[in-house]
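The next block holds one structure in the form of structure tokens; read it before the comments.
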Amino acid sequence: MAKDIIIENVSIIGAGLAGLTLALALHQQSIPVTVYESRPAPLNIGGAVMLSPNALKILDALGVYNIIKAQGYNFDSVEYRNLAGKLTDTQEFGGIEKYGYRGLRIYRHVLIDELVAAVFRARIALEYGAKFSHIEKDEAQGVTFALADGRSISTSILVGADGIHSTVRKYLYPDLETTFIGMAGITAAVPTDQLKIPEGYHIPVTIVSPKGAFVIAPQKVDGSEVLIGKQMRLAPADREPGWDRAFVADKQSAIEFLQSGNEHFPEFVNNAVSHLEPSKVNKWPFFVVPKLDKWTSETCRVLILGDAAHAIPPSAGQGINQAFEDVYILALVLGQRKNIGNIADSLQFWQKYRQERVQKVLQLNQQIDHRRMPSDDSTVGERSGFKKEGFDLSWLYNPDFKKDVEDWVAIIASASLSEQQASKATS
């Protein structure tokens with residue numbers, strides 16, 4: 001077990017949202033960091049992300065929030081309405097008075113660009129075209145890893161922030177395979193005025209019906225575009241490797257799914273799907289990573305986070321929000337390296353703290369899927385025995401991350417003092 005937390009530098013694999021945010025958070029803790037990204041340029045996979053107060057609080061602490069809040073659509077809640085338009089439920093997604101931040105829907109590439117700009121302003125090293133290959137040495141003092149170009153790099157800690165199909169995770173779990181849960185989100189972006197939504201009708205909204213739900217979420221600063229979508233149930237039977245790539249690439253079947261079976265929905269839903277551009281249609285099969293016993297190697301010098309450690313389906317819009325929590329708590333814990341001399345205990349606290357919150361988010365996902373899937377769905381439908389509950393999200397949106405870490409440090413310090421006193425008493 002490693003005892004002294006000596007961190008000369010941290011290497012991050014992946015310059016996506018999690019990797020870039022981790023770099024900023026570690027830099028704030030005066031920990032040198034280098035980010036390695038296999039792609040030749042910043043990641044742009046299209047689409048927008050939903051950011052809730054728990055993540056916006058982190059981005060604010062890192063000096064990014066005030067830059068991005070004016071570049072996306074700000075909102076406070078998602079409503080659930082039945083076919084007659086009656087409000088059946090409300091899911092808070094933010095609110096200045098209660099949570100300090102409104103929810104924010106922002107294009108992923110805009111957020112990536114601003115994080116990259118912040119990384120460059122901080123003069124954090126970021127290398128594109130640098131593909132991780134494998135771990136060469138993993139010892140108590142640090143790690144040596146290889147890049148595909150033949151270079152060997154030594155670092156104090158190696159972090160895999162490289163997504164659900166993580167190559168760093170292969171070192172920790174060589175045989176692990178992600179699990180398809182039999183569900184996919186089928187979405188498209190269309191102009192808001194195409195819908196002809198009745199005046200005063202609140203969006204974002206999920207229109208619930210016994211045959212499934214239809215989601216409408218504004219995007220762009222002025223809300224002039226909306227994401228529309230439905231969830232598709234697919235048999236999670238054995239599938240050929242790479243099936244998901246072919247599935248995602250088949251835009252025509254996505255258009256057909258969005259345009260079919262909508263007769264029972266309000267007229268504006270049918271307006272929404274009347275014209276769909278294939279380039280603005282997406283399919284998102286939902287994969288999860290089985291719950292992992294450890295997010296670190298035995299030496300605690302190699303670790304994974306975000307989707308690499310706990311891929312979360314996007315039902316509650318918490319995937320990237322939880323990745324931001326991962327990186328921020330990790331940086332706060334490592335920032336206590338002078339007060340806590342045991343890296344194993346530090347990372348054990350980090351994983352336990354984060355895993356407990358991730359499990360609660362997975363439960364929240366089930367509550368939302370219950371509202372979105374057809375009533376006869378075998379997993380979350382009315383006959384499944386799944387119990388519908390109301391939304392109480394204060395636990396999610398109002399955490400005090402710094403206090404939680406400081407409280408843990410105080411407990412460790414108190415235990416250490418007690419051990420010292422007991423040792424003196426017996427000597």
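Give the residue list of trypsin sites (Lys or Arg not before Pro) in the stretch 286-324 that are DSSP loop and have at most 13 other beta-carbon atoms within 10 angstrom. Could you put the intermediate results ahead of the total?
Values: sites: 291, 294, 301; in loops: 291, 294, 301.
The qualifying sites are 291.
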With only alpha-carbon atoms counted, please give the Rg and Dmax of the stretch 1-151, in Å.
19.4, 64
Per DSSP, loop trypsin sites (Lys or Arg not before Pro) in the stretch 73-130 with at most 14 further Cβ within 10 Å:
86, 123
Label residue 298 and residue 149 with points 7 Å out from Cα along Cα→Cβ: what is the distance between them in nm?
3.3 nm
Charge dipole (debye, nearest 20) of the chain; +1 at Cβ of Lys and Arg, -1 at Cβ of Asp and Glu
220 debye
Can you find, among 228, 160, 172, the residue farthest towards the positive end of the dipole of the stretch 140-232? Put +1 on the C-beta of Lys and Arg, -1 on that of Asp and Glu.
172
Calculating Rg and Dmax of the Cα atoms in Å from this structure picks out, from (1) 22.0, 74; (2) 23.5, 75; (3) 22.7, 83, entry (3)
Given a 1.4 angstrom probe, what's the average accessible area per residue across the chain, in square angstrom?
45 Å²
Of all beta bridges DSSP finds with both residues in the chain, what is the antiparallel percent, to the nearest 5?
75 percent
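Could you work out the per residue convex hull volume over the alpha carbons of the stretch 198-245, in cubic angstrom?
Numbers: hull volume 5.1 nm³, N = 48.
Hull volume normalised by residue count: 107 Å³.
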Linear extension gain, residue 233 paired with residue 97, 0.36 nm per residue minus alpha-carbon span:
45.1 nm
With a 1.4 angstrom probe the carbon and sulfur portion of accessible area for the stretch 1-127, in percent, totals 49 percent
Work out, step by step, the length gained on full extension between residue 394 and residue 71: first 0.36 nm times the residue separation, then minus their alpha carbon distance; give nm to one decimal.
113.7 nm
Computed magnitude of the charge dipole of the stretch 70-162 (debye, nearest 20; Cβ of K, R +1, Cβ of D, E -1):
260 debye
If I take R0 = 45 Å and measure r between the Cβ atoms of residue 348 and residue 199 in this structure, what FRET efficiency does the formula 1/(1 + (r/R0)^6) give, to the nearest 0.05?
0.25
Roll a 1.4 angstrom probe over the protein heavy atoms and tell me the percent of accessible area of the stretch 218-375 that is carbon or sulfur.
50 percent
Using only helices, what value at 222 nm comes out for the chain when you add -39,500 (n - 2.57) per DSSP H run of length 4 or more and divide by the total residues, to the nearest 500 deg cm²/dmol?
-10500 deg cm²/dmol
How far, in nm, would the chain grow between residue 173 and residue 109 when pulled straight, counting 0.36 nm per residue and subtracting the alpha carbon separation?
20.0 nm
What GluC sites (Glu not before Pro) does the stretch 205-288 have in DSSP loop regions with at most 11 other beta carbons within 10 Å?
263
For residue 360, go through the aspartates and glutamates and keep the ones whose alpha-carbon is under 13 Å away, minus same-chain ones fewer than eight residues off.
392
Local net charge near residue 362, Cβ-Cβ under 12 Å (Lys/Arg +1, Asp/Glu -1)
+1
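The values are calculated or read from the model by the stated rules, or taken from the named source; none is laboratory data. These figures come from a predicted structure and were not determined experimentally. Neighbour counts are summed over all protein chains in view; Cβ atoms, including those assigned to glycine, are modelled from backbone coordinates with ideal geometry. Calculation scope for accessible area: heavy atoms of the full protein, side chains included, ligands and nucleic acids excluded. Shrake-Rupley method; radii C 1.70, N 1.55, O 1.52, S 1.80 Å.
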